[in-house]
Amino acid sequence: MRSSQQKKCNGRAAYPGLFITFEGPEGSGKTTQCQHLAEWLQTKGQSVLITREPGGTPLAEAIRTLLLGHQPSSINQPEPREIITPACEAALVLAARAQHVSCTIIPALQKGRIVLCDRFFDSTLAYQGFGRGLNRKSLTQFNDFVTGGLTPTLTFLLDLPVKEGLQRRKASSHQNRMDQESLAFHERVRRGFSALARQDPRRWRTLDARQPPEPLAEEIINYIRPFIFKSLPGQTARATGGGL
Ligand SMILES: Nc1ncnc2c1ncn2[C@@H]1O[C@H](COP(=O)(O)OP(=O)(O)O)[C@@H](O)[C@H]1O
Ligand SMILES: [Mg+2]
(Lines give C-alpha, C1' and ligand atoms only; values in the text may rest on other atoms or scores of the structure.)
(Ligands and ions follow the chains in the order given, each with its own letter.)
Protein backbone atom coordinates (compact mmCIF):
# COMPACT_ATOMS: atom_id res chain seq x y z
CA MET A 1 0.00 0.00 0.00
CA ARG A 2 1.03 3.54 -0.65
CA SER A 3 1.73 4.54 2.95
CA SER A 4 2.78 1.25 4.48
CA GLN A 5 6.10 2.59 5.76
CA GLN A 6 4.66 5.87 6.85
CA LYS A 7 2.20 4.03 9.10
CA LYS A 8 5.13 3.13 11.29
CA CYS A 9 5.23 6.69 12.58
CA ASN A 10 4.66 6.06 16.27
CA GLY A 11 1.06 5.16 15.69
CA ARG A 12 0.37 8.38 13.79
CA ALA A 13 -2.30 8.05 11.13
CA ALA A 14 -0.92 7.30 7.68
CA TYR A 15 -0.54 10.30 5.41
CA PRO A 16 -2.34 10.27 2.10
CA GLY A 17 0.81 11.37 0.26
CA LEU A 18 3.80 9.34 -0.82
CA PHE A 19 7.33 9.85 0.46
CA ILE A 20 10.17 8.84 -1.88
CA THR A 21 13.87 9.41 -1.26
CA PHE A 22 16.98 9.34 -3.44
CA GLU A 23 20.22 8.22 -1.86
CA GLY A 24 23.74 7.52 -3.00
CA PRO A 25 27.26 8.89 -3.04
CA GLU A 26 28.34 12.27 -4.37
CA GLY A 27 27.77 12.71 -8.10
CA SER A 28 25.65 9.58 -8.46
CA GLY A 29 22.85 11.51 -10.16
CA LYS A 30 20.35 11.96 -7.29
CA THR A 31 19.50 15.57 -8.09
CA THR A 32 19.25 14.82 -11.81
CA GLN A 33 16.92 11.83 -11.29
CA CYS A 34 14.82 13.57 -8.65
CA GLN A 35 14.20 16.42 -11.06
CA HIS A 36 13.42 14.08 -13.92
CA LEU A 37 10.94 12.02 -11.92
CA ALA A 38 9.24 15.18 -10.62
CA GLU A 39 8.76 16.43 -14.16
CA TRP A 40 7.37 13.11 -15.32
CA LEU A 41 4.96 12.85 -12.39
CA GLN A 42 3.76 16.38 -13.04
CA THR A 43 3.00 15.54 -16.66
CA LYS A 44 0.82 12.74 -15.25
CA GLY A 45 -1.15 15.21 -13.17
CA GLN A 46 0.45 14.40 -9.82
CA SER A 47 1.13 17.06 -7.23
CA VAL A 48 4.84 16.80 -6.49
CA LEU A 49 7.11 18.46 -3.99
CA ILE A 50 10.81 18.23 -4.72
CA THR A 51 13.03 18.91 -1.75
CA ARG A 52 16.47 18.07 -0.36
CA GLU A 53 18.56 17.45 2.71
CA PRO A 54 20.13 19.09 4.45
CA GLY A 55 17.67 21.86 3.61
CA GLY A 56 14.07 22.22 2.54
CA THR A 57 13.13 25.21 4.74
CA PRO A 58 14.85 28.60 5.10
CA LEU A 59 16.31 27.62 8.48
CA ALA A 60 17.36 24.16 7.30
CA GLU A 61 18.96 25.69 4.19
CA ALA A 62 20.92 28.04 6.48
CA ILE A 63 22.12 24.98 8.39
CA ARG A 64 23.08 23.38 5.05
CA THR A 65 25.29 26.38 4.29
CA LEU A 66 26.95 25.99 7.68
CA LEU A 67 27.44 22.27 7.15
CA LEU A 68 28.58 22.04 3.58
CA GLY A 69 30.40 25.34 3.36
CA HIS A 70 32.30 24.95 6.61
CA GLN A 71 35.91 25.27 5.51
CA PRO A 72 38.27 25.66 8.42
CA SER A 73 40.79 27.47 6.22
CA SER A 74 38.28 30.19 5.38
CA ILE A 75 37.52 31.04 8.99
CA ASN A 76 39.48 33.94 10.37
CA GLN A 77 40.90 32.46 13.53
CA PRO A 78 44.27 31.67 14.99
CA GLU A 79 45.85 28.21 14.75
CA PRO A 80 44.79 25.59 15.54
CA ARG A 81 41.71 26.21 13.43
CA GLU A 82 38.40 24.84 14.59
CA ILE A 83 37.27 21.71 12.74
CA ILE A 84 33.65 20.62 12.87
CA THR A 85 33.35 17.46 14.97
CA PRO A 86 31.41 14.40 13.76
CA ALA A 87 28.93 14.88 16.61
CA CYS A 88 28.39 18.54 15.72
CA GLU A 89 27.93 17.59 12.07
CA ALA A 90 25.35 14.94 12.99
CA ALA A 91 23.50 17.28 15.36
CA LEU A 92 23.28 19.98 12.68
CA VAL A 93 22.01 17.51 10.07
CA LEU A 94 19.37 16.30 12.49
CA ALA A 95 18.39 19.82 13.58
CA ALA A 96 17.82 20.69 9.93
CA ARG A 97 15.75 17.52 9.52
CA ALA A 98 13.51 18.45 12.44
CA GLN A 99 12.54 21.66 10.63
CA HIS A 100 12.28 20.00 7.26
CA VAL A 101 10.01 17.17 8.39
CA SER A 102 7.68 19.38 10.46
CA CYS A 103 7.47 22.41 8.20
CA THR A 104 7.77 20.94 4.69
CA ILE A 105 7.49 17.16 4.35
CA ILE A 106 4.59 16.32 6.66
CA PRO A 107 2.37 19.21 5.50
CA ALA A 108 2.90 18.07 1.89
CA LEU A 109 2.14 14.42 2.74
CA GLN A 110 -0.97 15.52 4.60
CA LYS A 111 -2.14 17.22 1.41
CA GLY A 112 -1.65 13.97 -0.51
CA ARG A 113 1.37 15.21 -2.45
CA ILE A 114 4.24 13.05 -3.66
CA VAL A 115 7.37 14.19 -1.86
CA LEU A 116 10.67 13.51 -3.64
CA CYS A 117 13.54 14.09 -1.28
CA ASP A 118 17.17 14.29 -2.38
CA ARG A 119 18.82 12.51 0.61
CA PHE A 120 17.22 11.73 3.97
CA PHE A 121 18.01 9.68 7.07
CA ASP A 122 19.88 6.95 5.18
CA SER A 123 22.49 9.56 4.27
CA THR A 124 22.93 10.28 7.98
CA LEU A 125 23.57 6.61 8.63
CA ALA A 126 25.88 6.32 5.63
CA TYR A 127 27.91 9.52 6.18
CA GLN A 128 27.87 10.09 9.92
CA GLY A 129 27.48 6.39 10.84
CA PHE A 130 29.46 4.32 8.33
CA GLY A 131 31.62 7.26 7.17
CA ARG A 132 32.47 9.03 10.42
CA GLY A 133 32.05 6.04 12.70
CA LEU A 134 29.32 7.45 14.95
CA ASN A 135 27.10 4.95 16.72
CA ARG A 136 24.31 4.00 14.32
CA LYS A 137 21.85 3.09 17.05
CA SER A 138 22.28 6.52 18.66
CA LEU A 139 21.84 8.20 15.27
CA THR A 140 18.65 6.21 14.70
CA GLN A 141 17.27 7.18 18.11
CA PHE A 142 18.13 10.84 17.58
CA ASN A 143 16.53 10.65 14.14
CA ASP A 144 13.34 9.13 15.55
CA PHE A 145 13.27 11.96 18.07
CA VAL A 146 13.34 14.64 15.36
CA THR A 147 11.12 12.90 12.80
CA GLY A 148 8.67 10.92 14.91
CA GLY A 149 9.86 7.90 12.94
CA LEU A 150 8.80 9.14 9.49
CA THR A 151 10.23 6.64 7.00
CA PRO A 152 10.15 6.83 3.20
CA THR A 153 7.89 4.38 1.44
CA LEU A 154 10.43 3.99 -1.35
CA THR A 155 14.13 4.74 -1.55
CA PHE A 156 16.21 4.67 -4.72
CA LEU A 157 19.91 3.97 -4.26
CA LEU A 158 22.00 5.33 -7.10
CA ASP A 159 25.09 3.23 -6.77
CA LEU A 160 28.29 4.34 -8.46
CA PRO A 161 32.03 3.75 -7.98
CA VAL A 162 33.29 6.53 -5.74
CA LYS A 163 35.94 7.85 -8.14
CA GLU A 164 33.43 8.14 -10.95
CA GLY A 165 31.04 10.18 -8.81
CA LEU A 166 33.75 12.54 -7.60
CA GLN A 167 34.96 13.04 -11.18
CA ARG A 168 31.45 13.97 -12.25
CA ARG A 169 31.21 16.47 -9.42
CA LYS A 170 34.53 18.06 -10.38
CA ALA A 171 33.42 18.33 -13.98
CA SER A 172 30.17 20.00 -12.92
CA SER A 173 32.01 22.52 -10.66
CA HIS A 174 29.56 21.70 -7.85
CA GLN A 175 31.85 21.06 -4.91
CA ASN A 176 31.24 21.06 -1.19
CA ARG A 177 33.05 20.10 2.00
CA MET A 178 32.10 16.42 1.63
CA ASP A 179 33.77 16.22 -1.79
CA GLN A 180 37.09 17.02 -0.07
CA GLU A 181 36.91 13.91 2.13
CA SER A 182 39.27 10.99 1.53
CA LEU A 183 38.51 8.21 -0.92
CA ALA A 184 38.43 5.79 2.03
CA PHE A 185 35.67 7.87 3.62
CA HIS A 186 33.62 7.85 0.43
CA GLU A 187 34.16 4.08 0.07
CA ARG A 188 32.78 3.54 3.59
CA VAL A 189 29.79 5.69 2.70
CA ARG A 190 29.15 3.71 -0.47
CA ARG A 191 29.41 0.38 1.35
CA GLY A 192 27.12 1.79 4.05
CA PHE A 193 24.41 2.60 1.52
CA SER A 194 24.66 -0.89 0.03
CA ALA A 195 24.41 -2.48 3.47
CA LEU A 196 21.32 -0.41 4.31
CA ALA A 197 19.69 -1.36 1.00
CA ARG A 198 20.33 -5.05 1.61
CA GLN A 199 18.72 -4.82 5.07
CA ASP A 200 15.39 -3.58 3.73
CA PRO A 201 14.85 -4.66 0.11
CA ARG A 202 11.14 -3.85 0.26
CA ARG A 203 11.86 -0.16 0.68
CA TRP A 204 15.05 0.10 -1.38
CA ARG A 205 15.58 -0.17 -5.09
CA THR A 206 19.25 -0.21 -6.09
CA LEU A 207 20.15 1.18 -9.50
CA ASP A 208 23.38 1.02 -11.47
CA ALA A 209 24.13 4.74 -11.68
CA ARG A 210 26.92 4.19 -14.25
CA GLN A 211 24.18 4.18 -16.88
CA PRO A 212 23.42 7.39 -18.77
CA PRO A 213 20.66 9.55 -17.24
CA GLU A 214 17.93 8.58 -19.71
CA PRO A 215 17.83 4.79 -19.19
CA LEU A 216 18.17 5.38 -15.46
CA ALA A 217 15.16 7.69 -15.49
CA GLU A 218 13.23 5.11 -17.46
CA GLU A 219 14.09 2.41 -14.94
CA ILE A 220 12.86 4.62 -12.11
CA ILE A 221 9.63 5.44 -13.91
CA ASN A 222 8.99 1.80 -14.78
CA TYR A 223 9.50 0.83 -11.17
CA ILE A 224 7.31 3.54 -9.76
CA ARG A 225 4.52 3.52 -12.34
CA PRO A 226 2.53 0.50 -11.10
CA PHE A 227 3.35 1.39 -7.55
CA ILE A 228 1.83 4.84 -7.78
CA PHE A 229 -1.05 4.35 -10.10
CA LYS A 230 -2.33 0.95 -8.98
CA SER A 231 -2.30 1.96 -5.32
CA LEU A 232 -4.18 5.18 -5.94
CA PRO A 233 -7.57 4.18 -7.30
CA GLY A 234 -8.84 7.74 -6.99
CA GLN A 235 -6.13 9.01 -9.30
CA THR A 236 -5.94 6.13 -11.75
CA ALA A 237 -8.45 7.53 -14.20
CA ARG A 238 -6.72 10.88 -14.40
CA ALA A 239 -3.31 9.29 -14.62
CA THR A 240 -4.14 6.65 -17.19
CA GLY A 241 -5.94 9.32 -19.22
CA GLY A 242 -2.45 10.69 -19.89
CA GLY A 243 -1.50 7.57 -21.85
CA LEU A 244 0.38 5.60 -19.24
N1 LIG B 1 23.72 9.05 -15.28
C2 LIG B 1 24.65 10.00 -15.45
N3 LIG B 1 25.70 9.81 -16.24
C4 LIG B 1 26.64 10.76 -16.40
N5 LIG B 1 26.60 11.96 -15.79
C6 LIG B 1 25.57 12.21 -14.97
C7 LIG B 1 24.55 11.25 -14.76
N8 LIG B 1 23.64 11.78 -13.89
C9 LIG B 1 24.09 13.00 -13.58
N10 LIG B 1 25.24 13.28 -14.23
C11 LIG B 1 26.05 14.48 -14.14
O12 LIG B 1 26.91 14.31 -13.01
C13 LIG B 1 26.93 15.48 -12.22
C14 LIG B 1 26.38 15.16 -10.83
O15 LIG B 1 24.98 14.83 -10.97
P16 LIG B 1 23.96 15.13 -9.80
O17 LIG B 1 22.61 14.77 -10.27
O18 LIG B 1 24.16 16.54 -9.31
O19 LIG B 1 24.48 14.10 -8.70
P20 LIG B 1 24.25 14.10 -7.12
O21 LIG B 1 23.05 14.94 -6.83
O22 LIG B 1 24.06 12.65 -6.78
O23 LIG B 1 25.52 14.64 -6.51
C24 LIG B 1 26.15 16.54 -12.98
O25 LIG B 1 27.02 17.29 -13.75
C26 LIG B 1 25.22 15.73 -13.84
O27 LIG B 1 24.87 16.40 -15.02
MG1 LIG C 1 22.81 16.62 -5.63
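Structural remarks
- Residue ranking by accessible heavy-atom surface, 1.4 Å probe, largest first, among R190, R168 comes out as R168, R190.
- Environment charge at E219 (Cβ cut-off 13 Å; Lys +1, Arg +1, Asp -1, Glu -1): -1
- Taken about its Cα centre, the stretch 85-243 carries a charge dipole of about 200 debye when Lys and Arg each add +1 at the Cβ and Asp and Glu each add -1 at the Cβ.
- Equivalent-ellipsoid semi-axes of the stretch 75-139, from the Cα gyration tensor, Å, largest first: 30, 16, 9
- Environment charge of G192, counting only residues whose C-beta is closer than 12 Å and scoring Lys/Arg +1, Asp/Glu -1: +2
- Values of log10 I(q)/I(0) for the stretch 6-239 across q = 0.09, 0.14 Å⁻¹ run -0.37, -0.92, by the Debye formula with one identical scatterer at each alpha carbon and no solvent.
- Label-point separation in nm, K137 to A87, each point 7 Å along Cα→Cβ: 1.8
- Note on A171/L66: beta-carbon distance plugged into 1/(1 + (r/R0)^6) with R0 of 25 Å gives a FRET efficiency of 0.40.
- On the stretch 6-239, 54 percent of the accessible area sits on carbon and sulfur atoms, based on a 1.4 Å probe.
- Highest-first packing order for the peptide set 40-51, 23-34 is 23-34, 40-51, based on the mean count of other beta carbon atoms within 10 Å.
The values are calculated or read from the model by the stated rules, or taken from the named source; none is laboratory data. Here the structure is a predicted model, which means the values were calculated and not measured. A quick note on method: Cβ atoms are made from the backbone with ideal geometry, for glycine too, and the neighbour counts reach across all protein chains shown. Heads up: the accessible areas ignore ligands, DNA and RNA and are worked out on the full protein's heavy atoms, side chains in. Shrake-Rupley method; radii C 1.70, N 1.55, O 1.52, S 1.80 Å.
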